[in-house]
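The values are calculated or read from the model by the stated rules, or taken from the named source; none is laboratory data. Quick caveat, the model's predicted, so the values are computed rather than measured. Cβ placement follows ideal geometry from the backbone for every residue including glycine, while neighbour counts extend to all protein chains displayed. Each accessible area value is taken on the protein alone, full model and side chains, heavy atoms only, with ligands, DNA and RNA left out. Shrake-Rupley method; radii C 1.70, N 1.55, O 1.52, S 1.80 Å.
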Amino acid sequence: MASGAGRRRGHELVPLAALISREMKNEKMEKPSVRYGHAAQSRKGEDYFLVKTDCQRVPGNRSSTFSVFAIFDGHNGNAAAIFTREHLLSHILSAVPRGLGREEWFQALPRALVAGFVKTDKEFQSRGETSGTTATFVIIDAWTVTVASVGDSRCILDTQGGGISTLTVDHRLEENVEERERITASGGEVGRLSIAGGAEIGPLRCWPGGLCLSRSIGDMDVGEFIVPIPYVKQVKLSNAGGRLIIASDGIWDALSSEMAAKSCRGLPAELAARQVVKEALRTRGLKDDTTCIVVDIIPPENSPPPSPLPKKPNKLRSFLFRKSSRDSANKLSKKLSAVGIVEELFEEGSAMLAERLGNDEGAGQTTSGIFTCGVCQVDLAPSEGISVHAGSIFSTSSKPWQGPFLCAACRNKKDAMEGKRPSGVKVA
């Protein structure tokens, strides 16, 4: 899949009635129902979560409702986790262009998630607090699930047939070689804690600061090569539905993904979340805040059962082993759904902002001709915006005048994350 959210045309405002009509026409399948449960045991008081099931892509149109579930595992205090819970959703939604249909909205989400995460981090760091947090943010719209994450709070998908997929990447330095290489290339140091006599103990950490993670929101005292740019994955479930388990590392340090999924199969969501927490505590004890959200995506009662596998497996094999592009034919989607296969729509984990915001000559320009920053959405005069690609050795773009554009503050943030200059944020 190409980096970023891909090209899209400049967006014009669409009358609400026309947008609602378009939404109704785009409803090819009856929506599944969403049931969820939450359970937690606190040790430090730094885990927070968000559940919102009444969001709407088109205000006033109930058929455009989507749900959001998120976990924020704070460290060095709870300030970053609380701030992110209160602001991340609104920052993401403000980065989605208005007047989009359903499919366009799905395509715009990856870029909007990146912008929302970076804006939240930038605003929190401006407060001068040194707290940090992981963030695992899940958007469910009908059969499509979009997950964005920084840190080590994981989201897994357990499907009807018992297949388990991980929808996040753990940004732990101990386990992620690519992230270790990125941090050292950006000017950070990676090593273990040294004690008397020169012995090294514990997991790999980033210095200065000693953080075990390579991506987070906040953590201004560690250095801005600890980036808030999320790994994003978007999948479409079959009409058999599935179960999501979203949890902080208090769960995953005790249970594997398979153990967590198997421990709660057959239970309704609320009891399932309690069972996962109970199993983690039984295995490891309460050594950290332990939070779990279980979300069941349930097919409507009148949905037909999954069809049997087609007689010619060679065609199916080609479906399974190639990534789905954005313009995948509807016929492919229907075939995948019929045999209970999860279709991957998008996946990107680059830590380079230019790659994640993509190349788009019209990006950030409103119908009034005013440009907006691709991260913080502030209005820019054409002479004020700085292309996200200008002067970037990591960008494949040879056009520094090409959007998206950044305000000066967000450009400075980008340069700091790429190790081109020291962080301009000072700890009080």
Order of 140-149, 347-356, 177-186 by packing, highest average Cβ count within 10 Å first? 140-149, 347-356, 177-186
Can you give the net charge of the other residues whose Cβ lies under 15 Å from the Cβ of Glu270, counting K and R as +1 and D and E as -1? +4
For the range 52-102, compute Rh as the Kirkwood radius over C-alpha pairs and then the Stokes-Einstein diffusion coefficient at 10 °C and 1.306 mPa s; write the answer in µm²/s, rounded to an integer. 125 µm²/s
Over the range 86-230, what relative contact order in percent results from Cα pairs under 8 Å that are six or more residues apart? 23 percent
Among DSSP beta bridges lying fully in the range 183-305, give the percent that are antiparallel, nearest 5. 90 percent
Order 249-256, 113-120 from most to least packed using the mean count of other Cβ atoms within 10 Å. 113-120, 249-256
Longer than 24 Å from Cα to Cα, which of Lys31/Lys278; Lys44/Lys414; Lys236/Lys413; Lys52/Lys119; Lys44/Lys278; Lys31/Lys52 are they? Say none if no pair is. Lys31/Lys278; Lys44/Lys414; Lys236/Lys413
nm² value of the averaged projected area, convex hull over the Cα atoms of the range 21-139: 8.2 nm²
For the range 223-286, which trypsin sites (Lys or Arg not before Pro) are both in a DSSP coil and crowded by at most 15 other Cβ atoms within 10 Å? Arg265
In the range 116-259, carbon and sulfur make up what percent of the accessible area (probe 1.4 Å)? 47 percent
